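Presented below is the structure to which this report refers.
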Amino acid sequence: MSVAITYIIIIAGVLLCGLPLLAKRSLPAKAVDYISTFGAAFLFAVCFLHLAPHVFENEEGGTFSALRHGIWVLVGFLIQLLLEILTRGVEHGHNHAQCCADSETHHHHHTHPIVGLMIGLSLHSFMEGMPLVTPSGQVEYGLLSGIVLHNIPITLMLVSLFVNNEFSVGKSYLLLVVFALMTPLGSMVNHFMISPVGNFEQPVMGIVVGILLHVSISILFNHDVGKKSKLKFLLIVLAFAVAYLIPDAH
């Protein structure tokens, strides 16, 4: 698969998930919840089956070198914690749409929650896209699949937020386009500007693994106990199986 097609798939995925905007509707919370669970389990599995091995492969510096790369994973985890100050947890299924709408109604700050949210999500998407293409020009299929699935609940949450705030379809889609472009932009910046300067592939991948582990764990440990948990368990097992079948970078 070419890099250009990879970017198109990511952008098209976000814009297709924004189609409910045309009807001024948002998907039921239960459907978003199940999609989030599958996507989180898939991300979790991708981190260990496809991404983490790249962080620690070809180690020649012994324990210290491996430890150094492990620290980058922790850095990514902390970065995601900081980003959530802006995103309010939208990237792992927390729907603050109505809350934001009510806040704006009472305080007349019509842009602040959206601006902070878009900045946080854009930075999140930019960073997770950085290791999408290897220095040799190969696409990380596991990461690509994870990003596409991960973007579904995020986009649906954004749609819900835009609808509740009575944004026009044009304004809403413009914001979705900005969000959709961030992952390809992060990939291109890394591939054309950072990689040629030095070998930062493992630190970048380590940071992204930390970010994705934080997001996936937050979703998986935020599930309801009861009948729905049986279905979610099956979704998690299915996601693990699908992640195992995804080919590595090609």
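The values are calculated or read from the model by the stated rules, or taken from the named source; none is laboratory data. All values derive from a computational prediction rather than experimental measurement. Heads up, the Cβs are rebuilt from the backbone with ideal geometry, glycines too, and the neighbour counts pull from every protein chain shown.
Some observations on this one:
- Scope the stretch 33-48; condition over 12 Å from the mean Cα position of the chain (by Cα) and either among the aromatic types (Phe, Trp, Tyr) or surrounded by 21 or more Cβ atoms within 10 Å (Cβ to Cβ) (or both); matching residues: Tyr34, Thr37, Phe38, Ala41, Ala45, Val46, Cys47, Phe48
- In the stretch 114-150, residue surrounded by the most Cβ atoms within 10 Å (Cβ to Cβ) [restricted to those that are over 15 Å from the mean Cα position of the chain (by Cα) and modelled with pLDDT of 90 or more]: Val133
Table: residues versus (1) charged (D, E, K, R); (2) more than 23 Å from Ile11 (Cβ to Cβ); (3) modelled with pLDDT under 90.
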{"site": "Gln202", "(1), (2), (3)": "no, yes, yes"}
{"site": "Asn222", "(1), (2), (3)": "no, yes, yes"}
{"site": "Lys227", "(1), (2), (3)": "yes, yes, yes"}
{"site": "Leu235", "(1), (2), (3)": "no, yes, no"}
{"site": "Ala239", "(1), (2), (3)": "no, yes, no"}
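- Residue within the stretch 145-162 that is closer than 15 Å to Ala52 by Cα and in contact (Cβ under 8 Å) with a residue 60 or more places away in the chain present: yes
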